[in-house]
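The structure appears right after this line, and notes come after that.
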Amino acid sequence: MILTALNDYYERVAEERPDDIPSFGYSFEKIHFCILLDKQGRLIEITDIQNYEGKKARPKILIVPESCKRSGANNYKPFFLWDNTSYVLGADDKKKPQDTLNKFNSFKALIDEQLADTETPALKAVHNFIMSWDPALAPEIANWENIAGKNCVFRLDGELQYAHDDEEAKTLWRALRSPKILGDGLCLVRGEKGPIVDIHPAIKGVAGGQSSGVNIVSFNTGSFESYGKKSGANAPVSDLGAFQYTTALNYLLRPGSRQLVRIGDTSTLFWTEKASPAEDILGPLLCPPDPETKKEKGKTVPDLSEETKKIYDTLKRIRQGKHLTEYDLDDSVFCYVLGLAPNAARLGIRFWETGPLSLYLKRIGQHYRDIEIERQYASEAPFPSPNPLLLETAALRKYDNIPHVLNGALQNAIFLGTRYPRALLTAVLQRLHADGKINYLRASLIKGYLVRYFQANPSSKDMEVTVSLNTESTNPAYLLGRLFAVLEKAQLDALGKINSTIKDRYFGAASSHPRTVFPMLLNMAQHHISKAQYGVTSDKKIAEILDKLENYPSVLTLEQQGLFTLGYYHQRIALYQKKMNTQEA
């Protein structure tokens with residue numbers, strides 16, 4: 001079903017925007033430089049065609065004759081009228097002269113075979129250049145240190161199009177293209193008979209995948225084969241079907257695609273059954289931008305761009321369960337959501353969800369409603385995207401340390417509207433105990449988990465997890481968290497700024513085994529209250545909380561530890577509200 005949906009998407013884009021997507025036999029490739037030739041095939045210069053963002057260069061994405069994976073018998077297979085400098089100039093920076101010479105000779109043989117008799121000026125110039133080129137001259141080319149090893153195309157001086165875009169070049173390429181065919185058969189993707197291809201085109205642009213590309217369908221060892229069938233015959237897909245589904249994937253994965261968001265190591269793709277603005281908005285709704293900020297009278301305050309404001313306004317509406325009117329959306333349009341993750345030379349399918357747009361808008365809105373919690377600072381994102389949330393589960397807050405199981409599980413919970421994984425709560429609490437940081441993002445995750453946990457648990461459906469401080473709650477774990485925050489405040493009021501508070505020393509024990517810790521903390525608090533200028537205020541708050549608390553539980557479950565943390569977070573914000581609102585984030 002995934003490949004069929006991708007095949008159908010290719011056909012829709014090819015019909016609606018034929019110039020945006022490669023036609024049969026062509027592919028998107030990253031091109032860095034253009035070899036500019038005169039009519040005699042003499043080198044004029046090698047021009048940089050990359051896109052620059054400041055000083056950072058990004059290769060230009062061009063549609064060129066398709067590439068293939070080079071290994072085994074294809075190890076020195078050249079690409080037609082484009083390639084890296086090892087092939088087109090016989091020089092690179094790899095210091096393997098014989099290997100580089102073999103590559104150049106293979107490219108030279110291909111050009112001579114295909115273009116020896118051409119009368120087309122651009123193609124004739126390429127032929128003359130390659131036949132007369134001396135690879136030893138490459139280091140003398142201006143800017144060679146940046147050109148070496150990069151992908152290049154050809155262009156004749158005075159012409160606007162590249163050599164591979166010439167009509168004769170296209171005719172030659174159609175005749176030259178020769179994928180390995182296993183014979184005719186029924187294509188599982190298109191549902192019609194056609195030549196079954198052995199190896200499918202590579203999929204590029206997946207974060208963490210091999211630079212040469214990866215595959216969804218491949219049978220590279222005998223253990224994957226069955227019923228006596230070899231390689232691609234185990235899952236017969238026609239040449240056209242393989243091209244169309246892989247090209248659709250590469251189109252969705254292209255740099256700058258608004259239908260792609262990267263969450264941890266997962267590339268999440270969105271598309272619709274028919275043309276719809278939903279294709280451009282689902283990504284920003286799932287991963288909204290962080291709020292832009294500015295300094296104002298020494299404070300960090302939001303300074304939202306028009307685009308960010310529009311996204312936030314949309315998210316507010318769907319979080320409240322309201323219908324969207326500003327995008328002219330058809331709520332019934334069918335949507336596809338595909339999560340891909342690298343797995344050696346293959347792509348792993350993290351998740352695959354389908355359904356009407358209205359369902360996805362409802363579930364994304366529900367997600368942001370469930371994780372909504374009072375912010376510590378006005379400059380914090382009101383709609384935190386999954387990436388910063390997942391970073392709070394990772395050691396040292398590094399993407400590489402995000403537990404892989406949480407990535408797909410979190411997105412599944414968002415798109416299916418199911419419970420967040422318990423491992424998410426475990427990971428947050430572990431990080432919290434390790435570094436002592438109880439912040440807005442961690443509190444958001446804990447709150448979201450608990451909301452759905454209590455909704456799914458028949459014995460606790462009436463349990464309310466609030467956005468801000470709930471002074472009416474009588475839940476022991478929540479009350480103990482509130483009490484811990486007040487005790488910490490009493491300590492700071494008495495001692496001022498100190499290297500470590502009771503939170504640094506006792507939070508883990510207090511949130512898991514309160515009966516062993518709180519009697520001692522309360523005795524300590526009496527000393528702090530007697531020393532503090534406003535100790536009576538803390539004393540009243542302690543008495544108010546203790547009045548609702550019947551006893552100290554000996555042990556708190558993970559969910560109760562989550563409630564403890566929320567109680568602490570809510571009470572701390574209430575205690576420091578004015579200070580936090582004026583403080584820099």
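Tell me, which residue of region 140-159 that is loosely packed, with under 12 Cβ neighbours inside 10 Å and part of a helix (DSSP H, G or I) is farthest from the chain's Cα centre (by Cα)? Only one residue fits best here, namely GLU140.
Yes or no, residue by residue, for (1) surrounded by fewer than 21 Cβ atoms within 10 Å (Cβ to Cβ); (2) under 22 Å from ARG317 (Cβ atoms):
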| position | (1), (2) |
| --- | --- |
| VAL333 | yes, yes |
| TRP352 | yes, no |
| SER358 | yes, yes |
| SER385 | yes, yes |
| THR393 | no, no |
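Answer yes if at least one residue in region 483-498 is over 21 Å from GLN526 (Cβ atoms) and either of a type outside the set (Gly, Ala, Ser) or crowded, with 20+ Cβ neighbours inside 10 Å (or both), and no otherwise. Looking for residues that are over 21 Å from GLN526 (Cβ atoms) and either of a type outside the set (Gly, Ala, Ser) or crowded, with 20+ Cβ neighbours inside 10 Å (or both), one finds at least one in region 483-498, hence yes. Restricting GLY72, GLY54 to those that are free of Cβ contacts under 8 Å to residues at least 12 places away in the same chain, out of contact with any Leu (no Cβ under 7 Å at 6 or more places or on another chain), within 30 Å of CYS187 (Cα to Cα) and surrounded by fewer than 18 Cβ atoms within 10 Å (Cβ to Cβ) reduces the list to GLY72.
Only one entry in GLU372, GLU392 is closer than 21 Å to LYS309 by Cα and charged (D, E, K, R), namely GLU372. For LYS437, the criteria (1) touching a residue at least 60 places away in the same chain (Cβ under 8 Å); (2) not assigned by the TED database to the domain that holds LEU361 hold in every case but one, which is (1).
Out of (1) farther than 25 Å from ILE49 by Cα; (2) modelled with pLDDT under 90; (3) surrounded by fewer than 17 Cβ atoms within 10 Å (Cβ to Cβ), what's the single condition that is false for GLY232? Answer for GLY232: the failing condition is (3).
Residues in region 439-455 that are hydrophobic (A, V, I, L, M, F, W, C) and either touching a Ser or Thr at 6+ places or on another chain (Cβ under 6 Å) or over 16 Å from LEU558 (Cα atoms) (or both): LEU441, ILE446, PHE454.
Look at (1) at pLDDT below 95; (2) assigned to a loop (DSSP other than H, G, I, E, B) and you find that ALA73 fails only one, number (2). Applying the condition of being surrounded by fewer than 18 Cβ atoms within 10 Å (Cβ to Cβ), of a type in the set (Lys, Arg) and in a loop (DSSP other than H, G, I, E, B) to region 175-204 and asking which residue is modelled with the highest pLDDT yields ARG177. Please verify whether LEU172 is out of contact with any His (no Cβ under 9 Å at 6 or more places or on another chain), among the hydrophobic types (A, V, I, L, M, F, W, C) and surrounded by 14 or more Cβ atoms within 10 Å (Cβ to Cβ), treating the condition exactly as stated. When the stated conditions are applied, LEU172 passes them. Against the conditions (1) outside any helix (DSSP H, G or I); (2) closer than 30 Å to SER211 by Cβ; (3) more than 16 Å from the chain's Cα centre (by Cα), ALA341 satisfies every one except (3).
When you scan region 419-432, do you find a residue that is modelled with pLDDT of 90 or more, of a type in the set (S, T, N, Q), over 21 Å from the mean Cα position of the chain (by Cα) and over 23 Å from LEU359 (Cα atoms), even just one? There is at least one residue in region 419-432 that is modelled with pLDDT of 90 or more, of a type in the set (S, T, N, Q), over 21 Å from the mean Cα position of the chain (by Cα) and over 23 Å from LEU359 (Cα atoms).
Within the set LEU110, LEU137, the sole residue that is without any contact (Cβ under 8 Å) to a residue 40 or more places away in the chain, over 30 Å from THR246 (Cα atoms), part of a helix (DSSP H, G or I) and not small (Gly, Ala, Ser) turns out to be LEU137. Taken over region 122-134, the residue count meeting the criterion of being in contact (Cβ under 8 Å) with a residue 12 or more places away in the chain and out of contact with any strand residue (DSSP E or B) (no Cβ under 6 Å at 6 or more places or on another chain) is 8.
Here's a check for you: in region 294-322, which residue that is within 20 Å of ASP370 (Cβ to Cβ) and assigned to a loop (DSSP other than H, G, I, E, B) is modelled with the highest pLDDT? Top of the filtered list is GLN320.
The values are calculated or read from the model by the stated rules, or taken from the named source; none is laboratory data. Here the structure is a predicted model, which means the values were calculated and not measured. Glycine also receives a Cβ, built like all others from the backbone with ideal geometry; neighbour counts cover every protein chain displayed.
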